[in-house]
Amino acid sequence: MLLRLATPRHANTLDRLPALIQAGVRCFHLETEEESRAVELLERHAETGDMDLRLWSAASGVDEDRVHTPLLESLRGLRHRPKEELWVFLEPDPWLKDPLARRELREQTALPAGPTVVVVSPEPLERRLQAVVTPVTLPLPTDAELAAVVVATFAAWTGARPVAWRDNTQIERLARASVGLGEVQAAQALRFALAECGDEFDEVLRHIREHKGSMLDSGGALARVSPVPPDEIGGLRPLKHWIVQRALSLRPEAQRAGIPRPKGLLLVGVQGCGKSLAARACGHLLGLPILRLDVGALFSSALGSSERNLHSVITVCERMAPVVLWLDEIDKSMPMTNSAASDGGTSARLMASLLTWMQDRAQTVFVVATANNIARIPPELIRRGRLDETFFIGLPDAAARVEILDVHLRKVPERSLGSLPPLQDSFAAFASVVEGAHGWSGAEIEAAVTEARLLAFADGRPVASSDLRDAVAATVPMSRSHAESIHALLEWAEARARLA
């Protein structure tokens, strides 16, 4: 099964409906949750094409006459209707399970004349109909349409406190923050933000941005993660500088200067050396939200479900754009040579579809892929066009180890507690311990600090540098326990990646 991407280059969007009808296409399927907006746009197309629009609903009848007409009877009646009619069937999916109704719809698509049929439903049609019914997509609301939604929501707002701000600039910013949502969703998001934040404009804007992702369904494969300030990551100065430069290309003036938007990067390195933190720092430095993709959640035993899950993920990412998409430990998701035998080739097809989207994506989705085993990474993933650069994150040097110590000994506790817990010795005494901890990773330094704090807490006193020294002495770092694999990774990075 081939994956239909979220925004294919030649998508049959609803604005192409008149041309498709003129070309002889007789039956369409519009998959959308925005039923009322879809009907409104179809009414405009009918007026433009001088066609009568008829509306069928199981609950409301035909044209809301409240007389229930079975779907099969309505479809059969179309054979005797004039050609210049547009029949819209709202959510007929349960009745299309009837073999006779399904067959009638199939034969309707083959008739040389007669009304045009549009099936509007929130779910995909069953596979037997997908081959004969032409899909059309409902375009997302434009900035101007979203601005109109903002204005209408303000006009109808009956909250406890009136909103004092609603100038054009603020309306435009709220509309821009709602990009990717449908009109109903955008109105709900604004009402929710107003109810939570009142007349604090910046808080309302932040609320919409933070909660937008939860309104888009990705099948549980995407999770919103918090960005990490770069000063909470020790070392990695070249990588931080590179990301700051790429952030400049997101500015409108950079677009006017012809500078392309950044694609993303691959972070390869030793386990525990900060790849995940660096991925989260990308969101902070770029000023974008971060979505983490759980590749394992894409897979489903039902035929075609895995591909549909990926389609949903891509749709959410593009509707959330600009956004950072974090592909964590992507090397574990790469298909093995026996994947075709173990899963029918699903993993290979998913990865091929993901790579195709990464090459062709038009929206600003900055992809950050992290990996430990470079041998599992195919060259087609890291070639230019899909990603901009590959960085290697190795074991920190002495200066970086001191910075990492500072993060976990002072910065993180002070941020979470509001004040710095007492230290028995000067920071320089603690720093001298990690300066001598050659081959230690950032995760191992963090664990040693935790161990030292526990030792001191058990004795009822402030943590001392001797506690940290004891914790370091009791640990065998990975650089010694897995020396061969780390050495091989370092040899690979010397010629094939930039040092972070």
Filter result for Ala155 (closer than 30 Å to Leu78 by Cα, free of Cβ contacts under 8 Å to residues at least 24 places away in the same chain and exposed (fewer than 15 other Cβ atoms within 10 Å of the Cβ)): no
Considering each of Arg9, Arg26, Arg37 in turn, give the residue that is surrounded by 19 or more Cβ atoms within 10 Å (Cβ to Cβ) and at pLDDT below 90. Arg26
Determine whether the range 480-490 contains at least one residue that is of a type in the set (Val, Ile, Thr), part of a helix (DSSP H, G or I) and in the same structural domain as Arg410 (by TED's automatic domain parsing). no
Listed residues Gly61, Gly49; which is at pLDDT below 90, of a type in the set (Gly, Ala, Ser) and surrounded by 14 or more Cβ atoms within 10 Å (Cβ to Cβ)? Gly49
The residue that is surrounded by the fewest Cβ atoms within 10 Å (Cβ to Cβ), considering only those in the range 394-423 that are free of Cβ contacts under 8 Å to residues at least 60 places away in the same chain, among the aliphatic types (A, V, I, L, M) and out of contact with any Phe, Trp or Tyr (no Cβ under 7 Å at 6 or more places or on another chain), is Leu417
Does Asp65 fit the bill of being within 42 Å of the chain's Cα centre (by Cα) and free of Cβ contacts under 8 Å to residues at least 40 places away in the same chain? no
If you go through the range 189-208, how many residues are under 23 Å from the mean Cα position of the chain (by Cα) and surrounded by 17 or more Cβ atoms within 10 Å (Cβ to Cβ)? 7
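Okay, residues lined up against (1) without any contact (Cβ under 8 Å) to a residue 60 or more places away in the chain; (2) more than 30 Å from Lys240 (Cα to Cα); (3) assigned by TED's automatic domain parsing to the domain that holds Pro379:
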{"site": "Asp425", "(1), (2), (3)": "yes, yes, no"}
{"site": "Ala431", "(1), (2), (3)": "yes, no, no"}
{"site": "Ala437", "(1), (2), (3)": "yes, no, no"}
{"site": "Ser441", "(1), (2), (3)": "no, no, no"}
{"site": "Val449", "(1), (2), (3)": "yes, no, no"}
{"site": "Phe457", "(1), (2), (3)": "yes, yes, no"}
{"site": "Arg469", "(1), (2), (3)": "yes, yes, no"}
{"site": "Trp492", "(1), (2), (3)": "no, no, no"}
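The values are calculated or read from the model by the stated rules, or taken from the named source; none is laboratory data. Here the structure is a predicted model, which means the values were calculated and not measured. Note that we place each Cβ from the backbone using ideal geometry, even for glycine, and neighbour counts take in every protein chain shown.
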